[in-house]
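First up is the structure itself, then whatever we jot down about it.
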Amino acid sequence: MRKLLIFLLAALTLAACSSRPAASSAVPAPVSSTDLTKVTLRVGDQKGGSQALLTAAGLVNTPYHIQWSTFTSGPPLLEAANAGAIDVGGVGNTPPLFSAAANAKIAVIAATQGPVTGDTVLVPKSSPIHSLADLRGKKIAVAKGSSAHGHLLLTLKKAGLTPSDVTISYLQPADAYAAFSQHEVDAWTIWDPYTSQALQQAGARILVDGTDTIGGAKPGTPAPADGSALSNGYSFTVASRAALADAGTNSAIHDYVLRLAKAQVWASAHLSAWASVWAQQTGLAGTVARAAVVNTTRKPVPLTTALVASEQQLADNFVAAKVLPTKFTFADFVDHRFDGDIAAYVKTEGNS
């Protein structure tokens, strides 16, 4: 903890004079440690997300106050950020695209990447659906604008199908889980821990996962580097532009993203401990949590040109499918102000 605080103080001191890429908006000067204690950072979270992770890693006690809000998925979280109801939050690879298409006042400020075997299209064990082509004419549940929505579009494209060849039922995860369990839909596109929960408790079978493997690849398998994946495995920390423009809130966000990076590195090295805390924090069955952590533990990655290009390609797929109305430039919604500090911190951790 002492090591983290020393790094944070040094990073905050340097933040105002560090060179920043042109894509970043004006970066306010860091506030003093005394003023930081007066800040309340409003954080949007999802089930088993950042709050559970920081708790597990022993990093939840911050020098500022955190007001947590829980959302069912990424799209409503980013709607709250755009509306000024929260300052920062974590989402999958697709919600920022919908926000960008609506010219929302948000910015992607940090990224992680992890396995894609938890990103799945599920069917009941007894289902006659055994290939992607079998999805034609079927009813598929998915949360609109979520990472699963992007996965579904790529899955249909892989099968030579379009969204009009299936019936898409837009449902949030809890409602989709109920509909799937009661056989009201033929398939469900979803992410972990819901994938593991459905496999263990709802009689589900993996039709295809994010690696493009029918029946599912070995848990924990990353996205193939050749671009054939149905999911790129990215997740993002996204902040409102207003929060980034405020000196106190920006300083708190700076601290927060570094804490998340530390927690993510910790979780990758302590899967059993992370699963135990995750189960306690979320009410998930221990067996579900232990299965899900293998597919959901992610490591910090830089906001590279390749990452931005991957997201742009996903965005263009949504435009081609007429789910999003017009082409836009994803890079315009990426803010690099914390890149150097996150990279330096992760490098320091790797050498410690």
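Just the residues that are polar (S, T, N, Q), surrounded by 15 or more Cβ atoms within 10 Å (Cβ to Cβ) and assigned to a helix (DSSP H, G or I), please, taken from segment 282-314.
Answer for segment 282-314, where residues must be polar (S, T, N, Q), surrounded by 15 or more Cβ atoms within 10 Å (Cβ to Cβ) and assigned to a helix (DSSP H, G or I): T282, N295, T296, S310, Q312.
Would you mind stating whether V116 is free of Cβ contacts under 8 Å to residues at least 24 places away in the same chain and either in contact with a helix residue (DSSP H, G or I) (Cβ under 6 Å, 6 or more places away or on another chain) or in a loop (DSSP other than H, G, I, E, B) (or both)?
Against the criterion (free of Cβ contacts under 8 Å to residues at least 24 places away in the same chain and either in contact with a helix residue (DSSP H, G or I) (Cβ under 6 Å, 6 or more places away or on another chain) or in a loop (DSSP other than H, G, I, E, B) (or both)), V116 does not qualify.
Among the listed residues A245, A217, A204, A225, which satisfies the condition of being surrounded by fewer than 19 Cβ atoms within 10 Å (Cβ to Cβ) and outside the structural domain of G74 (by TED's automatic domain parsing)?
A225
Considering segment 312-345 alone, what residues qualify as being at pLDDT 95 or above, of a type in the set (D, E, K, R) and closer than 30 Å to T162 by Cβ?
Selection gives D332 alone.
If you check every pair at least six apart or on different chains, which have Cβ atoms under 6 Å apart with a residue in segment 50-72 that is over 21 Å from S235 (Cβ atoms) first and a residue that is at pLDDT 95 or above and surrounded by 15 or more Cβ atoms within 10 Å (Cβ to Cβ) second?
Partner pairs satisfying both residue conditions: P63/L36; Y64/L36; Y64/V39; Y64/L41; Y64/A252; Q67/R42.
Condition test on D192, is it farther than 30 Å from L41 by Cα, touching a residue at least 40 places away in the same chain (Cβ under 8 Å), buried (at least 21 other Cβ atoms within 10 Å of the Cβ) and not assigned by TED's automatic domain parsing to the domain that holds F338?
In short, no.
Would you please name the residue that is nearest to T70 (Cα to Cα), looking only at residues in segment 170-209 that are in contact with a Pro (Cβ under 7 Å, 6 or more places away or on another chain) and among the hydrophobic types (A, V, I, L, M, F, W, C)?
Among those that are in contact with a Pro (Cβ under 7 Å, 6 or more places away or on another chain) and among the hydrophobic types (A, V, I, L, M, F, W, C), it is I190.
As an exercise: evaluate N317 against (1) assigned to a helix (DSSP H, G or I); (2) buried (at least 19 other Cβ atoms within 10 Å of the Cβ); (3) in contact with a helix residue (DSSP H, G or I) (Cβ under 7 Å, 6 or more places away or on another chain) and give the number of the one condition it does not meet.
(2)
Could you say which residue among A148, A187 is within 23 Å of K218 (Cα to Cα), buried (at least 21 other Cβ atoms within 10 Å of the Cβ) and in contact with an Asp or Glu (Cβ under 9 Å, 6 or more places away or on another chain)?
A148
S251 passes all but one of (1) touching a helix residue (DSSP H, G or I) at 6+ places or on another chain (Cβ under 8 Å); (2) within 24 Å of T304 (Cα to Cα); (3) at pLDDT below 95; (4) buried (at least 21 other Cβ atoms within 10 Å of the Cβ); which number fails?
Result: S251 passes all but (3).
Picking from A223, A243, A261, A239, which residue would you name as being over 27 Å from K125 (Cβ atoms) and either of a type in the set (D, E) or not in a helix (DSSP H, G or I) (or both)?
Exactly one residue qualifies, and that residue is A239.
Mind listing just one residue for me: the one in segment 126-138 that is among the polar types (S, T, N, Q) and either farther than 13 Å from W188 by Cα or modelled with pLDDT under 95 (or both) and, of those, surrounded by the fewest Cβ atoms within 10 Å (Cβ to Cβ)?
S126
Would you check which residues across segment 74-108 are of a type in the set (S, T, N, Q) and part of a loop (DSSP other than H, G, I, E, B) and list them?
Correct list: N93, T94, N103.
Out of (1) more than 19 Å from the chain's Cα centre (by Cα); (2) surrounded by fewer than 23 Cβ atoms within 10 Å (Cβ to Cβ), the odd one out for V123 is which?
In the conditions (1) more than 19 Å from the chain's Cα centre (by Cα); (2) surrounded by fewer than 23 Cβ atoms within 10 Å (Cβ to Cβ), V123 misses (2) alone.
The values are calculated or read from the model by the stated rules, or taken from the named source; none is laboratory data. It should be emphasised that the depicted structure is a prediction, and the values quoted were computed from it without experimental measurement. All Cβ positions, even for glycine, are placed from backbone atoms using ideal geometry, and neighbour counts span all protein chains on display.
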